[in-house]
Amino acid sequence: AQKVTQAQTEISVVEKEDVTLDCVYETRDTTYYLFWYKQPPSGELVFLIRRNSFDEQNEISGRYSWNFQKSTSSFNFTITASQVVDSAVYFCALSEAFTGNQFYFGTGTSLTVIP
Amino acid sequence: GAVVSQHPSRVICKSGTSVKIECRSLDFQATTMFWYRQFPKQSLMLMATSNEGSKATYEQGVEKDKFLINHASLTLSTLTVTSAHPEDSSFYICSARSLALSQETQYFGPGTRLLVL
């Protein structure tokens with residue numbers, strides 16, 4: 001079974017629009033961590049955020065915000081006022097203490113911001 | 001801090017040759033290193049996990065004789081693709097983890113693009 005599901009394969013938005021990338025995860029562990037990474041065309045993974053299972057506070061960092069809801073096992077990522085530089089593939093990942101903190105990546109969402 | 005480098009960033013080789021990819025943790029000691037493979041428009045797939053000084057643990061379906069992993073020191077792991085074939089062409093990414101820094105976070109290298117002709 002897929003531990004991390006990113007249902008949106010590709011999204012296109014016009015510059016300055018807001019966009020939300022969905023991430024749903026599955027785990028039986030009580031201690032786990034969730035991550036978001038950005039992968040631009042160069043290929044390098046850029047770390048965006050880490051959230052542990054005991055901290056459900058939403059977080060905002062500039063134009064980025066994250067909504068963590070354990071009740072729905074979701075960790076969604078919103079970009080406000082999108083820019084062309086936001087165009088990339090975004091991966092959500094899960095790390096479980098039970099499995100030695102092995103990373104489980106979602107299939108990624110390819111975001112294209114149209115100028 | 002927590003920088004991971006990979007070398008080379010890009011390699012083209014002929015079918016049948018072996019290619020070695022290096023992964024280094026530059027400013028920390030990596031107790032565990034991971035090797036991933038990513039095909040175009042796909043996600044990262046874990047190939048193997050290696051702890052310094054011990055044999056790597058390979059994921060199901062990954063040939064250990066094909067993909068040789070050596071983690072000889074706390075700052076260096078190497079992946080050797082032996083007798084490479086065109087189907088081995090992919091993007092290989094390593095990551096490193098340090099218990100001293102964070103048990104749950106992996107720090108990723110910039111990746112190596114391998115093209116086998």
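Overview of values
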item: Calculated FRET value between B:ALA100 and A:GLU17, using beta carbons and R₀ = 35 Å, to 0.05; result: 0.25
item: Average accessible surface area per residue within the stretch A:1-54, 1.4 Å rolling probe, Å²; result: 56
item: Pairs of alpha carbons in chain B whose separation is greater than 25 Å (percent); result: 16
item: Solvent-accessible heavy-atom area per residue, rounded to whole Å², over chain B at 1.4 Å; result: 50
item: Accessible surface of chain A [probe 1.4 Å, protein heavy atoms]: carbon and sulfur percent; result: 50
item: Label-zone membership for the stretch A:6-23, site A:GLN83, 7 angstrom Cα→C-beta point, backbone N under 17 Å; result: A:13-19
item: Accessible surface buried upon A-B contact (total; probe 1.4 Å; Å², nearest 100); result: 1500
item: Cβ-isolated cysteines (cut-off 4.7 Å), chain B; result: B:CYS13
item: Qualifying trypsin sites (Lys or Arg not before Pro) in the stretch B:19-74, DSSP loop, other Cβ atoms within 10 Å at most 16; result: B:LYS41, B:LYS55, B:LYS64, B:LYS66
item: Calculated from backbone phi, Karplus (6.51, -1.76, 1.60) coupling profile of the stretch B:55-70 in Hz, x at Gly/Pro; result: 5, 6, 9, 9, 6, 4, x, 9, 7, 6, 7, 8, 10, 8, 10, 10
item: Part-to-part distance (alpha-carbon centres) for the stretch A:65-83 and the stretch B:62-117, which is given in Å; result: 31
item: Computed E for B:SER15/B:LYS64 - FRET, C-beta separation, R0 22 angstrom, nearest 0.05; result: 0.60
item: Among A:ILE11, A:ASN76, B:GLN29 the positive-end extreme of the charge dipole of the protein assembly as shown (Cβ point charges); result: B:GLN29
item: Cα-derived Rg over Rh, computed across the protein assembly as shown with Rh taken as Kirkwood radius; result: 0.97
item: Average silhouette area of the stretch B:1-49, convex hull of alpha-carbon atoms, in square nanometres; result: 4.7
item: Solvent-accessible area lost in complex, 20 Å² minimum, residues of the stretch B:38-74 relative to chain alone, 1.4 Å; result: B:GLN38, B:SER43, B:LEU44, B:LEU46
item: Listed residues B:THR17, B:THR49, B:THR32, most fluctuating in chain B (Gaussian network, C-alpha, under 10 Å); result: B:THR17
item: Average projected area [Cα convex hull, chain A], square nanometres; result: 6.9
item: Non-local Lys pairs in the protein assembly as shown, i.e. 8 or more apart or on different chains, that have alpha carbons under 18 Å apart; result: 8
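The values are calculated or read from the model by the stated rules, or taken from the named source; none is laboratory data. Worth saying up front: this structure is predicted, and the values here are computed from it rather than measured. No Cβ is skipped: glycine too gets one built from the backbone with ideal geometry, and neighbour counts run over all protein chains shown. With ligands, DNA and RNA removed, areas are computed over all heavy atoms of the protein, side chains included. Shrake-Rupley method; radii C 1.70, N 1.55, O 1.52, S 1.80 Å.
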